[in-house]
Amino acid sequence: MGRVQDKVVIVTGAASGVGKEDALLLAREGARVVLTDIDEEAGRELARKIGDGALFLRQDISQEADWQQVFAVAQERFGGVDVLVNNAAILAYGTIEDTSLELWQKIQRVNAESYFLGCKYAVAAMKQRPAGSIINMSSMAGIGGVSSFCAYSASKAAVAGLTRSVAAHCRAQLYKIRCNSIHPDGIATPMVSKLHADKNAPSAYIREKDPKQLQARFALPSDIANLVLFLASDESRFMNGAELRIDNGYLMWAD
Ligand SMILES: NC(=O)c1ccc[n+]([C@@H]2O[C@H](COP(=O)([O-])OP(=O)(O)OC[C@H]3O[C@@H](n4cnc5c(N)ncnc54)[C@H](O)[C@@H]3O)[C@@H](O)[C@H]2O)c1
């Protein structure tokens with residue numbers, strides 16, 4: 001038996017990076033996985049690679065109608081939803097001085113509002129099941145704040161606040177639905193490699209070239225997927241409202 005045997009899991013942003021690794025690991029551990037993304041080609045290819053237990057759906061997470069469709073199809077094909085991995089997000093540069101209102105709103109819409117929609121529809125669906133787990137991808141940027149990612153940092157802090165509120169609500173209602181957030185530092189994914197390729201990248205750590213420093217700073221997608229698997233499984237059944245840093249001790253002091 002796998003660690004998430006027969007659970008039905010939705011993973012957003014499953015065509016790339018962490019979401020892809022999540023989908024592969026959860027499927028290996030027995031889950032039936034609904035992969036969603038705006039990148040249809042890569043998403044479909046991954047679902048084909050996983051095989052029978054996987055299904056790809058095109059979803060723009062910022063569109064409420066797309067969420068309704070994803071949950072309806074998961075219900076029809078697999079009989080319900082046990083786990084949601086709210087993972088898809090976008091990143092853009094900009095300090096408080098040079099972020100436009102338009103960019104701010106775009107980032108909040110995709111990275112924060114979409115997670116609200118995901119949680120809303122997940123709670124409604126998971127109430128019908130014996131238990132549920134919502135896993136929200138936040139970031140260390142949402143705890144510490146990164147000067148050059150003003151809107152992104154704020155969106156990730158919103159995800160942490162949303163997570164706590166959903167967790168408290170589910171506990172108060174005696175729903176067996178848990179909601180936790182994950183806070184990585186850097187992860188070696190296409191999101192970051194695009195920044196590394198950009199000579200104008202403003203963040204000091206993005207410009208870092210020392211391979212030892214990079215290794216200390218950047219997790220692998222599989223490091224995050226292992227934590228997602230734990231939160232998706234019943235092994236974490238008493239964890240609710242946790243903010244899990246996965247950052248190689250980024251906030252610790254060395255003297
Ligand atoms: N990479 C890092 O250093 C890092 C650090 C901390 C947190 N995170 C978080 O981890 C999660 C995964 O990031 P990643 O590094 O794998 O990114 P990635 O860019 O490799 O993958 C993101 C995926 O989301 C999809 N996507 C983007 N907008 C979408 C939308 N509107 N609707 C549906 N899909 C959409 C993209 O097509 C892509 O497949 C994100 O929430 C990110 O903020 C990443």
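Quick notes
- Of all residues in the stretch 92-107, at least one satisfies being modelled with pLDDT under 95, within 14 Å of the ligand (Cβ to nearest atom), within 19 Å of the chain's Cα centre (by Cα) and within 27 Å of residue 157 (Cα to Cα).
- Selection status of residue 249, within 27 Å of residue 129 (Cβ to Cβ), outside any helix (DSSP H, G or I) and not hydrophobic (A, V, I, L, M, F, W, C): no
- Extreme residue, farthest from the chain's Cα centre (by Cα), among residues of the stretch 1-24 that are open to solvent by 20 Å² or more (accessible area, probe 1.4 Å) and under 27 Å from residue 192 (Cα atoms): 24
- For the stretch 39-65, filtered to residues that are without any contact (Cβ under 8 Å) to a residue 40 or more places away in the chain and assigned to a loop (DSSP other than H, G, I, E, B), the residue that is farthest from the ligand (Cβ to nearest atom) is 52.
- All told, residue 22 falls short of being at negative phi, charged (D, E, K, R) and at pLDDT below 95.
- For the stretch 25-41, filtered to residues that are hydrophobic (A, V, I, L, M, F, W, C) and within 24 Å of residue 117 (Cα to Cα), the residue that is farthest from the chain's Cα centre (by Cα) is 31.
- If you go through the stretch 4-28 and keep only what is of a type outside the set (A, V, I, L, M), more than 15 Å from the ligand (Cβ to nearest atom) and either closer than 24 Å to residue 123 by Cβ or touching an Asp or Glu at 6+ places or on another chain (Cβ under 7 Å) (or both), you end up with 5, 6, 7.
- Test: residue in the stretch 115-124 that is touching a Cys at 6+ places or on another chain (Cβ under 9 Å), modelled with pLDDT of 95 or more, more than 14 Å from the ligand (Cβ to nearest atom) and among the small types (Gly, Ala, Ser): yes
- Neighbours by Cβ (under 7 Å, 6+ apart or cross-chain): first from the stretch 183-200, closer than 16 Å to residue 18 by Cα; second open to solvent by less than 60 Å² (accessible area, probe 1.4 Å) and β-branched (Val, Ile, Thr): 183/246; 184/224; 184/246; 186/192; 187/18; 187/224; 189/18
- Cβ-Cβ contacts under 7 Å between residues 6 or more apart (or on different chains), taken from a first residue in the stretch 96-110 that is under 15 Å from residue 145 (Cβ atoms) to a second residue that is surrounded by 12 or more Cβ atoms within 10 Å (Cβ to Cβ) and among the polar types (S, T, N, Q), are listed as 107/155.
- Of all residues in the stretch 133-157, those satisfying the criterion of being over 19 Å from residue 118 (Cα atoms), within 11 Å of the ligand (Cβ to nearest atom) and of a type in the set (A, V, I, L, M, F, W, C) are 140, 141, 143, 146, 149.
- Residues of the stretch 29-38 satisfying the condition of being more than 10 Å from the ligand (Cβ to nearest atom) and among the charged types (D, E, K, R): 29, 32
- Contact annotation: residue pairs with Cβ atoms under 7 Å, 6 or more positions apart or on different chains, pairing a residue in the stretch 123-142 that is closer than 16 Å to residue 174 by Cα and in contact (Cβ under 8 Å) with a residue 24 or more places away in the chain with a partner that is open to solvent by less than 10 Å² (accessible area, probe 1.4 Å) and of a type in the set (Gly, Ala, Ser), are 125/80; 126/132; 128/80; 129/80; 132/122; 133/232; 134/122.
- Segments classed as helices (runs of 4 or more DSSP H), wholly inside the stretch 127-201, with at least 3 members that are open to solvent by 60 Å² or more (accessible area, probe 1.4 Å): 150-172, 190-196
- Selection count where residues are in a loop (DSSP other than H, G, I, E, B) and not hydroxyl-bearing (Ser, Thr, Tyr), scope the stretch 66-100: 13
- Selection from the stretch 88-126 of residues that are open to solvent by 60 Å² or more (accessible area, probe 1.4 Å) and β-branched (Val, Ile, Thr): 96
The values are calculated or read from the model by the stated rules, or taken from the named source; none is laboratory data. Computed from a predicted model, the values in this text were never measured in an experiment. Positions of Cβ are generated from backbone atoms using ideal geometry, with glycine treated the same way; all protein chains shown enter the neighbour counts. Accessible surface is based on the protein model in full, side chains and every heavy atom, while ligands, DNA and RNA are left aside. Shrake-Rupley method; radii C 1.70, N 1.55, O 1.52, S 1.80 Å.
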